[in-house]
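To start, the structure under review is shown below, and the notes come after it.
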Amino acid sequence: MTEFSAFNSFPYRIYIRDENVTIYANKAALKVMHKSIDEVVGKDLDEIFSDLTYLEHIKRMKKYFFIDGNKSFSSMKELNRCFNKPEMLQIVEYLEDYNDKKVIISILISIDDDNYPDKVLPLSNIGHYESASRKVILEDNKIIKLTSLENSLLFLLSKKKSRVVSYEEIFLSLDPFNKMTKVTLKSLIFRLNKKLCNIIKCESMQGYYLKKA
């Protein structure tokens, strides 16, 4: 599809879909899937992806974009379940106009990829955060190890740079099966704050953010 041919030069996997079917996948995505473009374009999503967790994510993103009217979304996944391959991914998705309809463009960026710019992130005024190794190194060189869930949440908050991340965006990032509640999220925040000197703050009725340096 010539309209999207520029995406073939990207080192990241890129998929484009409307509400029901795949419209495009670039060379990097096709290589991982071991499919040709003809085997992907026009296919229902469940014909291409078999993992229930990933399909549930797509289903929820459909509601997030087409019903709620949001324009963009960013999250991190510890496991690319779609291909059953352990890796950390940042997933950037946004809504775009194409041929008089709306489509979702998904970009999957490997955190340990040499092209990814933020392997080490400054963390408030307590130290720095290494997302790929799931650890925080405090100013006194003490190392704090994070669980998978804690790491996903901290990555999401740190990328927002002290801006409030809404409850809905957190739930979409961490919980594809929609089982997390505000109570369980509050418990997760409590545990992470205990490790990291209370750097996560709550904005009443909106969400959470990282304390500024």
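The values are calculated or read from the model by the stated rules, or taken from the named source; none is laboratory data. Please read these numbers as outputs of a predicted model, since none were measured by experiment. Ideal geometry is used to build each Cβ from the backbone, glycine not excepted, and the neighbour counts take in all protein chains shown.
Does residue 143 meet the test of being in contact with a His (Cβ under 6 Å, 6 or more places away or on another chain) and modelled with pLDDT of 90 or more?
Values: in contact with a His (Cβ under 6 Å, 6 or more places away or on another chain): no; modelled with pLDDT of 90 or more: yes.
No; evaluated as a whole, the condition is false for this residue.
Restricting to segment 14-47, name every residue that is part of a helix (DSSP H, G or I) and free of Cβ contacts under 8 Å to residues at least 60 places away in the same chain. It would help to see each step written out before you state the result.
So the first thing to find is which residues in segment 14-47 are part of a helix (DSSP H, G or I), and the list is 27-33, 37-39, 45-47.
Selection gives 27, 28, 30, 31, 32, 33, 37, 38, 39, 45, 46, 47.
Restricting attention to segment 65-75, which residues are surrounded by fewer than 18 Cβ atoms within 10 Å (Cβ to Cβ) and outside any loop (DSSP other than H, G, I, E, B)? Give the steps one after another, and end with the answer.
Here is the first cut: in segment 65-75, the residues surrounded by fewer than 18 Cβ atoms within 10 Å (Cβ to Cβ) are 66-69, 71-72.
Within segment 65-75, 66, 67, 72 qualify.
Examine segment 14-26 for a residue that is exposed (fewer than 14 other Cβ atoms within 10 Å of the Cβ), in contact with a helix residue (DSSP H, G or I) (Cβ under 7 Å, 6 or more places away or on another chain) and at pLDDT below 90, and state whether such a residue exists. Quick ask: steps written out before the conclusion?
Pass one, segment 14-26, residues exposed (fewer than 14 other Cβ atoms within 10 Å of the Cβ): 19-20.
Still in the running and in contact with a helix residue (DSSP H, G or I) (Cβ under 7 Å, 6 or more places away or on another chain): 19.
Those left that are additionally at pLDDT below 90: 19.
The answer is yes, given that some residue of segment 14-26 is exposed (fewer than 14 other Cβ atoms within 10 Å of the Cβ), in contact with a helix residue (DSSP H, G or I) (Cβ under 7 Å, 6 or more places away or on another chain) and at pLDDT below 90.
Applying the selection to segment 48-58, what residues are assigned to a helix (DSSP H, G or I) and either more than 15 Å from the chain's Cα centre (by Cα) or exposed (fewer than 13 other Cβ atoms within 10 Å of the Cβ) (or both)? If you could, list the steps in order and put the result at the bottom.
Let us first name the residues in segment 48-58 that are assigned to a helix (DSSP H, G or I), namely 48, 52-58.
Result: 48, 52.
If I go through segment 179-208 residue by residue, how many of them are in contact with a Leu (Cβ under 9 Å, 6 or more places away or on another chain) and either closer than 25 Å to residue 52 by Cα or among the basic types (Lys, Arg) (or both)? I'd like the intermediate steps shown before the answer.
In the first step, residues of segment 179-208 are kept if they are in contact with a Leu (Cβ under 9 Å, 6 or more places away or on another chain); the result is 180, 185, 188-189, 192, 195-197, 199-201, 208.
Next, only the ones that are either closer than 25 Å to residue 52 by Cα or among the basic types (Lys, Arg) (or both) stay: 180, 185, 188, 195, 201.
Number of matching residues: 5.
Tell me yes or no: at least one residue of segment 90-100 is at pLDDT below 85 and not hydrophobic (A, V, I, L, M, F, W, C).
yes
For (1) without any contact (Cβ under 8 Å) to a residue 40 or more places away in the chain; (2) not aromatic (Phe, Trp, Tyr), each residue gets a yes or a no:
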site: 139; (1), (2): yes, yes
site: 149; (1), (2): yes, yes
site: 157; (1), (2): no, yes
site: 167; (1), (2): no, no
site: 171; (1), (2): yes, no
site: 186; (1), (2): yes, yes
site: 191; (1), (2): no, yes
site: 200; (1), (2): no, yes
site: 203; (1), (2): yes, yes
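Quick one: which strands (runs of 3 or more DSSP E) sit completely within segment 120-213 and have at least 3 residues that are in the same structural domain as residue 51 (by TED's automatic domain parsing), surrounded by fewer than 17 Cβ atoms within 10 Å (Cβ to Cβ) and among the basic types (Lys, Arg)? It would help to see each step written out before you state the result.
On the way: elements: 120-123, 127-130, 135-138, 143-145, 200-203, 207-210.
Correct list: empty, since no element meets the threshold.
Answer yes if at least one residue in segment 175-193 is aromatic (Phe, Trp, Tyr) and in contact with an Asp or Glu (Cβ under 7 Å, 6 or more places away or on another chain), and no otherwise. Steps first, answer last, please.
First, the residues of segment 175-193 that are aromatic (Phe, Trp, Tyr): 177, 190.
Narrowing the set further to residues that are in contact with an Asp or Glu (Cβ under 7 Å, 6 or more places away or on another chain) leaves 177.
Checked segment 175-193: at least one residue is aromatic (Phe, Trp, Tyr) and in contact with an Asp or Glu (Cβ under 7 Å, 6 or more places away or on another chain).
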